[in-house]
Amino acid sequence: MLLYEGKAKSVFSTKDPSIVRIRFNDKTTAFNGLKKENFKNKGMTNCVISTLLMGLIEHAGIETHLIQMVGDTEQLCHSVDIIPVEVVIRNIAAGSICRRLGLVKGYKFNRPIVELFYKSDDLNDPLINDQHAIDFGWATLEQLDMMRRKSLKINDVLQAFWLKKGITLVDFKLEFGVVPSGKMLLADEVTPDGSRLWDVETGDNFDKDVFRYGNGELSEAYDKLLRRITELPQNL
Ligand code: C5P
């Protein structure tokens, strides 16, 4: 049974109430749904990439909702209550931080910048601070601190992974959820839809900015990214 229909994924129940099936689709939206298009194989590519990256993250000791990939476009995952606070980690200035703070795109931060956003389509995911999250009941201070700590560790894991593939991890967004026991898991997805990934040499985008700003073919960019991930190192 369909439990939830998101912009790029649908969540279905399974016989086990503690497990859900998540299907990645080919829909792509930007600017909070204002721009929409379907891209062939995008669901499959994102499902494969998210499965691989969540595996790396899990291996680094951070628990995720992922149980296993099933078929081409689906994952079995632990059911969680999503904390409605999105964590964005930025290594290099791009996107909304440039508009908000007048920074030049490409400026490299001395240390990763951590930002929190309230997950609300109606409000366009506004930037928030700790007090908003705590006082409005979206997360506790302990949860926020844990989310920041986990996100920074995930940044180390992902930066090192992408660099080996000749790609700079500019920024990315994470969502966390809690299971009934209260344990926090990384949830949602880790994909080029929610990250900025630039070729180290050419600066070309391998992410949703290709679609947002119409500077190329998204399917091609994601396809290249998937090939970059799966190709063997030159010295093997
Ligand atoms: O738009 P902004 O520059 O704040 O986005 C920062 C990072 O978070 C980008 O990689 C973007 O793809 C991701 N993001 C997201 N979902 C949102 C907002 C941002 O995946 N709702």
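The values are calculated or read from the model by the stated rules, or taken from the named source; none is laboratory data. Every value quoted in this text rests on a predicted model; they were computed, and no experiment measured them. Note that we place each Cβ from the backbone using ideal geometry, even for glycine, and neighbour counts take in every protein chain shown.
Per-residue answers, yes or no, for (1) outside the structural domain of Val170 (by TED's automatic domain parsing); (2) on the phi < 0 side of the Ramachandran plot; (3) surrounded by 14 or more Cβ atoms within 10 Å (Cβ to Cβ):
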residue	(1), (2), (3)
Thr73	yes, yes, yes
Ala93	no, yes, yes
Asp135	no, yes, no
Glu142	no, yes, no
Of the numbered conditions (1) within 11 Å of the ligand (Cβ to nearest atom); (2) hydrophobic (A, V, I, L, M, F, W, C); (3) surrounded by 17 or more Cβ atoms within 10 Å (Cβ to Cβ); (4) assigned to a strand (DSSP E or B), Met69 fails exactly one; give the number of that condition. (1)
Please verify whether Ala60 is assigned by TED's automatic domain parsing to the domain that holds Val157 and of a type in the set (Gly, Ala, Ser), treating the condition exactly as stated. no
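So how many residues does segment 192-205 have that are more than 8 Å from the ligand (Cβ to nearest atom) and crowded, with 23+ Cβ neighbours inside 10 Å? First the steps, then the outcome.
Kept after step one, since they are more than 8 Å from the ligand (Cβ to nearest atom), are these residues of segment 192-205: 192, 197-205.
Then keep just the ones that are crowded, with 23+ Cβ neighbours inside 10 Å; that gives 192, 197, 205.
Qualifying residue count, segment 192-205: 3.
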Which numbered condition Gly95 misses (of (1) under 16 Å from Glu175 (Cα atoms); (2) among the small types (Gly, Ala, Ser); (3) under 16 Å from the mean Cα position of the chain (by Cα)): (1)
So for segment 109-124 (the condition being in contact with a Lys or Arg (Cβ under 7 Å, 6 or more places away or on another chain), farther than 16 Å from Lys173 by Cβ and free of Cβ contacts under 8 Å to residues at least 60 places away in the same chain), does at least one residue qualify? yes
Given the conditions (1) within 25 Å of Asn32 (Cβ to Cβ); (2) over 19 Å from the mean Cα position of the chain (by Cα), which single one is not true for Leu116? (2)
